[in-house]
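Each remark here refers to the structure printed beneath this line.
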Amino acid sequence: MKVLRNYLYNVGYQILVLILPLITAPYASRVLKASGIGINAYTNSWIQYFILFGSIGIALYGNREIAYLRDDPQAVSRAFWEIQILKTITITLACIAYALFLQVYTRNHTYMVLQAINLIAVAFDITWFYNGLEDFKHTALRNTFVRILSVILIFTLVKTPDDLGLYIVILGGTTLLGNLALWPRLRKMLVKVKVSELHPLKHLHPTLILFAPQIATQVYLVLNKTMLGAMVNTDAAGYYNFSDNLIKMVLALATSMSAVLMPRVSNEFSKGRNENVNNFLYIAFDFVSFLGIAMWLGIAGIALHFGPYFYGPEYEPVGPAMLIESVIIVLIGWSNTTGLQYLMPVDRLKEFTTSVVLGAVVNIILNVPLIYLWGLNGAMIATVLSEAVVTGYQLWVIRKDVELKKMFINVPKYLIAGVTMFIPVYWINTHVHTSILTIFADVLLGIVIYGLMILLLRPTIIKNVKELIRR
């Protein structure tokens, strides 16, 4: 039952993190215009590189390390302070590097300076600690208040295109406030440790090992926007950002299961319970396939008209971009399950790193010609192909350790149900005038059709969910 409860907390928060900006997006897109949204996306893509180098691999490593040690309060407390001290050092170095960078890069200088709030916020992010202890409740609840505050501030303070700087401050400032909100409870969770017992640098090497996959992962999140801004224009970077936000909002439903199960699987592996590790993989992979395929074909069905309807007529390119990108809901869902829930917890970091590095290389190689030929849609195609490489490689390296047939046994049934749903949903979206009522009806119709097909085809998802509830 704890696994399901943690999943609901985590998926609720992850959706909130993505959905609240989307609530403000129709308003912000009309107030700040495509140029303002594009500048925010472009300047934010630059700060993300410094956040990446400042964070190194601490988020993944810290999560796993706390999960390994969580039965020993003294060891957990010592590990927390060691890892956090190391993170403070690396973020400080990143801040210095960013300050030097701003001395030579002067484009959109004011907005680049304001984006630095996001870098400072990362220094206080201890979500990895709570996740390692499987405490998703407090992370979700405390940040919910702060995220809602950001919505209120945007609607009340951002009024004209000249308020772009204020918009950036609100987004970064509320993130900082949310991270700070997690600190007070540490007094109840940690025990006293002697300063002389702390050796933060011993964690440097293992975090650097995880740095490569972190870099590669950021390629999908940042490089496309940076390259679109440089090769096309900042408007294209904004279109990419809006499409990606909508897709990632839906994706959170699938990937939250891997985030919840990673510390549980790490703990099972540390105790030598390898059979449980594999069973968790089979159940989670089936769950992700069930949700991911439905969400992929559902989003693809409404994408063309939903994007421009949601953001405004000038954002028409968002629709085709969403249609292309929607398949990554399945691909990332699968790779999160095999990578973060299996390869990472069982300490097969080499294979995990190789998979995401391969994906990054493919992304970089394909981005240049595809963006040159097709602009925004070319970047989306490169993203999809890159994610396919990551997923394919991970499945190949675990083929001898798990039963791939068992993992994919229900996928054909989910595809049949998904395609049956997609056809009428897509027809309605392209032939009926788009309004809030038609979108709602389209979504409801898709859910009903997919649900009925699942009941007719009878995959094992219901039995697997019951198994998760017992855990």
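Bear in mind that the values in this text are calculations on the coordinates, not laboratory data. Computed from a predicted model, the values in this text were never measured in an experiment. Reconstructed Cβ throughout: ideal geometry from the backbone, glycine too, with neighbour counts over all protein chains shown.
Remind me, relative contact order of the chain in percent, using alpha carbon pairs under 8 angstrom and six or more residues apart?
On the way: 687 pairs, mean separation 97.9, N = 471.
With pairs under 8 Å counted, the relative contact order is 21 percent.
Full-extension gain between R30 and Q74, please, as 0.36 nm times their residue separation minus the C-alpha to C-alpha distance.
Stretched fully, the R30-Q74 segment lengthens by 10.6 nm.
Residue farthest toward the positive end of the dipole of the chain, with Cβ of Lys/Arg at +1 and Asp/Glu at -1: which of G312, Y393, H203?
H203
What ranking do 101-111, 410-420 get when scored by the average of other Cβ atoms within 10 Å per residue, highest first? It would help to have the intermediate numbers written out before the result.
On the way: 101-111: 11.9, 410-420: 18.6.
Packing order, densest peptide first, comes out as 410-420, 101-111.
Rounded to the nearest 500, what is the chain's calculated 222 nm mean residue ellipticity when only DSSP H runs of at least 4 contribute -39500 (n - 2.57) each, over all residues?
-27500 deg cm²/dmol
Test of understanding: extend the Cα→C-beta vector of E197 to 7 Å, then name every residue of segment 77-96 with backbone N under 19 Å from that spot.
77-86
So if each residue of separation counts as 0.36 nm, and I subtract the Cα-Cα distance between M189 and L149, what length gain in nm does that give?
This chain segment gains 11.7 nm when fully extended.
Can you run phi through the Karplus equation (6.51, -1.76, 1.60; θ = phi - 60°) for segment 40-54 and list ³J(HN,Hα) in whole Hz, with x for Gly and Pro?
Rounded to whole hertz, the list is 4, 4, 5, 5, 5, 5, 6, 5, 5, 5, 6, 4, 4, 6, x.
Under 8 Å for C-alpha pairs, at least 6 residues apart: give me the relative contact order for segment 1-209, rounded to a whole percent.
Normalised by residue count, the contact order of segment 1-209 is 35 percent.
What does the convex hull of the Cα atoms of the chain come to per residue, in Å³, rounded to a whole number?
It comes to 139 Å³ per residue, whole-number rounded.
For a protection proxy built on the mean count of beta-carbon atoms within 10 angstrom, sort 355-365, 196-206 highest first, please.
Put in order of decreasing packing, that is 355-365, 196-206.
Using 0.36 nm times the number of residues separating T88 and V448, minus their current alpha carbon distance, what extension gain do you get?
Full extension from T88 to V448 adds 124.6 nm.
Pop the C-beta distance of K137 and V384 into the FRET formula with R0 = 41 Å and round what comes out to the nearest 0.05.
Calculated transfer efficiency: 0.75.
With θ taken as phi - 60° and the coefficients 6.51, -1.76 and 1.60, list the Karplus ³J(HN,Hα) couplings across segment 147-162 in order, rounded to whole Hz; mark glycine and proline as x.
These are the phi-based 3J(HN,Hα) values: 5, 5, 4, 4, 5, 4, 5, 5, 5, 8, 10, 8, 10, 9, x, 6 Hz.
Round to the nearest 0.05 the FRET efficiency obtained for V368 and L100 when R0 = 35 Å and r is the Cβ-Cβ distance.
For R0 = 35 Å, the calculated efficiency reads 0.80.
Which of the trypsin sites (Lys or Arg not before Pro) across segment 132-173 are loop residues per DSSP, with 15 or fewer other Cβ within 10 Å?
Hits after loop and neighbour filter: K159.
Output the peptides 395-401, 166-172 sorted from most to least packed, where packing is the average of other Cβ atoms within 10 Å over each peptide's residues.
166-172, 395-401
Around N224, what is the net charge, scoring Lys/Arg as +1 and Asp/Glu as -1 over all other residues with Cβ under 15 Å from its Cβ?
Value of the local net charge: -2.
What does the charge dipole of segment 64-223 about its Cα centre add up to, to the nearest 20 debye, if the Cβ of each Lys and Arg holds +1 and the Cβ of each Asp and Glu holds -1?
Here segment 64-223 has a charge dipole of around 300 debye.
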